[in-house]
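Structure first, commentary second.
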Amino acid sequence: MFRFIGSSTLAALRADQLTLATTRAELEATRTARTDAEHRAADAQIREEDAANILEKTRVELAAVRAELETLRAQHLLDAEDRVALRALLRTVRKQADRSDRVWVLFRHGELHSVHASVEAAEEAAEAEGAPRSGWTSHTPGAALPPAAEVAWRVQSLPLGGA
């Protein structure tokens, strides 16, 4: 069976065919653009998550650094207070230097507590801080000292004017 198509119908079919091809090309371009946009959006999401993770790690590190800085500042202040106390003790020792060539140093658990002109003054200072009134022993020069942790209070004689 044959069918006759008029020239106007043929022209319309050819125009429809051209429109269909153009529409298909536009559809394919749109699909490609959409796929590319989805990939870019996924990449952007991954970069955003990576940046958020890096930011959180940086915040944690910053908090740790700030805490360490505060600790170091506090330690610095304590060190400065210790230097002031040592200078005051040194001034006291220098004022008393004309009385004797020795000073008596009071230690509490092995740490310098105070400097005194006499053994009695050192013992009185320790007793004022709560040390027992009895049980004092003297250290023999040249003998080994017991560990500081084992002795709550100790009075030790040191020469003036040198190490």
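In the range 114-123, is there at least one residue being at positive phi and either modelled with pLDDT of 85 or more or among the small types (Gly, Ala, Ser) (or both)?
The answer is no; no qualifying residue exists.
Kindly indicate whether Val93 is touching a residue at least 24 places away in the same chain (Cβ under 8 Å), within 30 Å of Leu112 (Cβ to Cβ) and not basic (Lys, Arg). The answer is yes for Val93.
Screening Ala122, Ala80, Ala88 for residues that are in contact with a strand residue (DSSP E or B) (Cβ under 7 Å, 6 or more places away or on another chain), assigned to a helix (DSSP H, G or I) and within 30 Å of Val151 (Cα to Cα) leaves exactly one candidate, Ala122. Answer yes or no as to whether Thr71 is of a type in the set (Val, Ile, Thr) and closer than 30 Å to Glu123 by Cβ. No: the conditions fail for Thr71.
The values are calculated or read from the model by the stated rules, or taken from the named source; none is laboratory data. Just so you know, these numbers come straight off a predicted model, no measurement behind them. Please note: Cβ atoms are built from the backbone with ideal geometry, for glycine as well, and neighbour counts cover all protein chains shown.
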